[in-house]
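Each remark here refers to the structure printed beneath this line.
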Amino acid sequence: MAKSPWSKQVTKALRADGVDLSAIDTSATPGFKGNKKSGEQLLAERGQVLSDLQEKLFANGRSGDPRNVLLVLQGMDTAGKGGIVRHVIGSVDPQGVDHAAFGVPTAEEKRHHYLWRIRRRLPTGGQLGVFDRSHYEDVLVVRVHDMVPPEVWEKRYDEINKFERKIVDSGTTLIKVAMFVSLDEQKKRLAERLDRPDKYWKFNPGDIDERAYWPAYQAAYQAVLDRTSTDYAPWYVLPADRKWYARLAVTELLIDALDKLKLDWPGPLFDIEEQKKRLAAS
Ligand code: AMP
Ligand code: MG
C-alpha cells in the first residue's frame, strides 16, 4: 500500500480540545506531509472518494435511512467558507446537498427564537447539509456587538449543546469546522476583493470595520471551542491561510464521517426476479 501523505489522522490533527487560539499558526498544514502541488493532486482523488460515499448516503436516504451529515462552517470574513462549498461540496451530486447560508436575520427570523431558522434547514435522511455560518453567530457576532445582554448569550452555549445532542440522536453526524486566517491574510484577501472585478461582489465595507473587533472575535471563538466542543459534536480548528490545505482537510473530515456510517448500497425494495420477469414480458 502507498505511504499515507498524512502523519496524523486529520480528525486528530484538528480536534479543538484544549486549543489556545492565540497560539495557532494559521498558515500551518496540521498532519499533512505534502506540499501545495501534492495536496491539490490528492484533493482531486479524494474528492472522487467523497463523491462515491455521498452517493451511497443519498441512496440510503431514498430507501428510508434517516441518517445524514451536517457540515457547519464558521469563520471570519474571507476565511474561505465559500471556497469549501464550491470546491469540496462542489465535487458531490447536488441533489444530495442541502446548503444553507445564514446572514443577518430577516425581519421574520428576528421574531423567532434564534434556533428557529436553523431547525428549518436541518438536513433530512440521505442529505449532506452544509451551513455557511450557523446558530454559532448568536454567540459570535451577537456577543461581540452586544446585540443581546450577556445573561442572554451566556445561556446559549448550554442550549446549543442540548440542541446538537438532539440532532445527533436523531441520526445526524455533525462536523463543526472553525476556519482561521491571520489578520494579515484577511487584509490580503480583502485587498484582492477590491482589486478584482470578479471579486467586488464579495466585498462588504463593513468587513473593514469588523477588523477592529478581531480580539473580541478571537475571545468569542475561544469560548465557542471551550464550551461547545463535545464528544458527539466536536469542533475542528482549521488553519485556513492555505486554501488548498483547508479544502483537502474538510474533504478528509467528510470522508471520515461517511466511512464511519459504514454505508452499503441499499437492498431492493422489490422482488428482483419478479421484476426481471415482468420486464422481459413487457
Ligand atoms: P456573509 O457570510 O459574508 O454573507 O455575511 C453574513 C453576515 O451576517 C455576517 O456579517 C454575519 O456576522 C451576519 N450574521 C449572521 N448571523 C447573524 C446573527 N444571528 N445576528 C447578526 N448578524 C448575523
Ligand atoms: Mg462576507
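Every number in this text was worked out from the coordinates using simple rules, so none of it is lab data. Note that this is a predicted model, so its numbers are computed, not measured. FYI the Cβ positions are ideal-geometry reconstructions off the backbone, even for glycines, and counts take in every protein chain you see.
Explain nothing, just the number: dipole magnitude of the chain about its Cα centre with +1 on each Lys and Arg Cβ and -1 on each Asp and Glu Cβ, in debye rounded to the nearest 20.
460 debye
Pairs to check: Lys33/Lys187; Lys8/Lys155; Lys33/Lys199. Give those whose C-alpha atoms are more than 30 Å from each other in this structure.
Numbers: Lys33/Lys187 28 Å; Lys8/Lys155 36 Å; Lys33/Lys199 32 Å.
Check vs 30 Å cut-off fails for Lys8/Lys155; Lys33/Lys199.
So who's got an amide H within less than 5 Å of the one on Phe32, skipping anything under 5 residues away but keeping other chains? H placed 1.01 Å off N, in plane.
When sequence neighbours closer than 5 places are left aside, the close amide H contacts are Ser7.
Could you order peptides 146-158, 215-227 by the average number of other Cβ atoms within 10 Å of their residues, highest first?
Descending mean neighbour count gives 215-227, 146-158.
Could you work out how far helix 156-169 tilts from the main Cα principal axis of the chain, as a 0 to 90 degree angle to the nearest 10?
With both axes taken from Cα atoms, the answer is about 10 degrees.
Could you order the peptides 265-275, 96-106 from most to least packed, using the average number of other C-beta atoms within 10 Å per residue?
Highest to lowest by the protection proxy: 96-106, 265-275.
What number, rounded to the nearest 500 deg cm²/dmol, is the helix-based mean residue ellipticity at 222 nm of the chain, given -39500 (n - 2.57) per DSSP H run of at least four residues and division by all its residues?
-13500 deg cm²/dmol
Tell me which residues come under 5 Å, amide H to amide H, from Ala101 once H is placed; ignore anything under 5 positions away on its chain.
For Ala101, the qualifying residues are Asp132.
How large is ³J(HN,Hα), in whole Hz, for each residue of the stretch 216-227 in order, when computed from phi with the Karplus curve 6.51 cos²θ - 1.76 cosθ + 1.60 and θ = phi - 60°, using x for Gly and Pro?
Computed from phi, the couplings for the stretch 216-227 are 5, 5, 4, 5, 5, 5, 4, 4, 4, 5, 5, 10 Hz.
Helix 243-260 sits at what angle to the longest principal axis of the chain, using alpha carbons and giving 0 to 90 degrees rounded to 10?
40 degrees
Can you list the HN-Hα couplings for the stretch 198-206, worked out from phi with the Karplus curve (6.51, -1.76, 1.60; θ = phi - 60°), rounded to whole Hz and with x for Gly and Pro?
7, 10, 3, 4, 8, 7, 10, x, x
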